[in-house]
Amino acid sequence: MLKLSKRMRAVAAMVTPGNILADVGTDHGYVPIALIQREKIPKAIAVDINEGPLKRANENINLYGMQDSIETRISDGVEALKVNEVDSILIAGMGGELTIHILTEGEEICRNAKELILQPQSEVRKVRQYLRVNRYKIVDEDMILEDGKYYPIIKAIPVDQDDFWLDKNENVITTCDIYGPLLLKNGNPVLRKFLVHQYRKLTFILQSLVLQQDSESVRKRKQEVSREIHYNESAYSILGAIKNAGN
């Protein structure tokens, strides 16, 4: 049985059982192989823009006898997929800007899928903002700490309107974009660790800036860091309110 890393196990756990999966940027093909081994999904399409990763994926697919269950395709994002061909689209391990590019360029494919599973390596705020603005509802989130790094994982579905945001003010919306509406709502314990880690880092940076000679660039950076601290504290306030409410 193929063993996945802690991060990839959490990513795989987001996929709805019985769905047909597209693994975008599949690399070694480990997630679809593991899901089919465990009989969680019946079929997958593993795609990558480069031949090298697809060659490695095909070697692993053959090694585990998955040739009849996993198809591989060269694809820039989701362009090699057909509308309604898959139920779940997984985009993991890419930068946030690239993730957004794939979702934008493949909008018809993505909005006709039942769910998106996203694990951006950077620009997570921009990814959540994209989902909110483009009528996707975040229905599940997780955060994993592995080898000293924090990895947020997002599950979203296409909707006509997400009523969650209707009564939220700008401060709450921005805080949720940065830290995750469901990570906050559910009081995710790894998020709590991340907030403490980030607060210490930001306050250290701010203290270092205070000691520097005053200049326009230093003042600008102090404002940026102070703003980040504000949203960090806002997130902790939301978590505290949820805890006090008994949720």
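The values are calculated or read from the model by the stated rules, or taken from the named source; none is laboratory data. For clarity, every value in this text was computed on a predicted model and none was experimentally measured. Note that we place each Cβ from the backbone using ideal geometry, even for glycine, and neighbour counts take in every protein chain shown.
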Failed criterion for Tyr64 (all others in (1) without any contact (Cβ under 8 Å) to a residue 60 or more places away in the chain; (2) farther than 26 Å from Tyr130 by Cβ hold): (1)
Pair list, Cβ < 6 Å and 6+ apart or interchain, from segment 206-227 residues that are farther than 22 Å from Ile178 by Cβ to residues that are basic (Lys, Arg) and not in a loop (DSSP other than H, G, I, E, B): none
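Answer yes if at least one residue in segment 173-192 is without any contact (Cβ under 8 Å) to a residue 24 or more places away in the chain and within 25 Å of Ala10 (Cβ to Cβ), and no otherwise. Give the derivation first.
Within segment 173-192, the first condition is being without any contact (Cβ under 8 Å) to a residue 24 or more places away in the chain, and the residues that meet it are 189.
Okay, now just the ones that are also within 25 Å of Ala10 (Cβ to Cβ), so 189.
Scanning segment 173-192 turns up at least one residue that is without any contact (Cβ under 8 Å) to a residue 24 or more places away in the chain and within 25 Å of Ala10 (Cβ to Cβ).
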Residue that is modelled with pLDDT of 95 or more and over 14 Å from Val124 (Cβ atoms), where the choices are Leu191, Leu211, Leu183, Leu206: Leu206
Number of positions in segment 122-156 that are surrounded by fewer than 18 Cβ atoms within 10 Å (Cβ to Cβ), in contact (Cβ under 8 Å) with a residue 24 or more places away in the chain and out of contact with any Gly (no Cβ under 9 Å at 6 or more places or on another chain): 7
Any hit, segment 214-226, residues being surrounded by fewer than 17 Cβ atoms within 10 Å (Cβ to Cβ), basic (Lys, Arg) and under 30 Å from Ala92 (Cβ atoms): no
Complete set of residues in segment 111-121 that are surrounded by fewer than 23 Cβ atoms within 10 Å (Cβ to Cβ), out of contact with any strand residue (DSSP E or B) (no Cβ under 6 Å at 6 or more places or on another chain) and closer than 14 Å to Ile89 by Cβ: Asn112, Lys114
Pair list, Cβ < 9 Å and 6+ apart or interchain, from segment 102-120 residues that are in a helix (DSSP H, G or I) to residues that are of a type in the set (Asp, Glu) and modelled with pLDDT of 95 or more: Ile102/Asp76; Glu105/Asp76; Glu105/Glu79; Ile109/Glu79; Ile109/Glu85
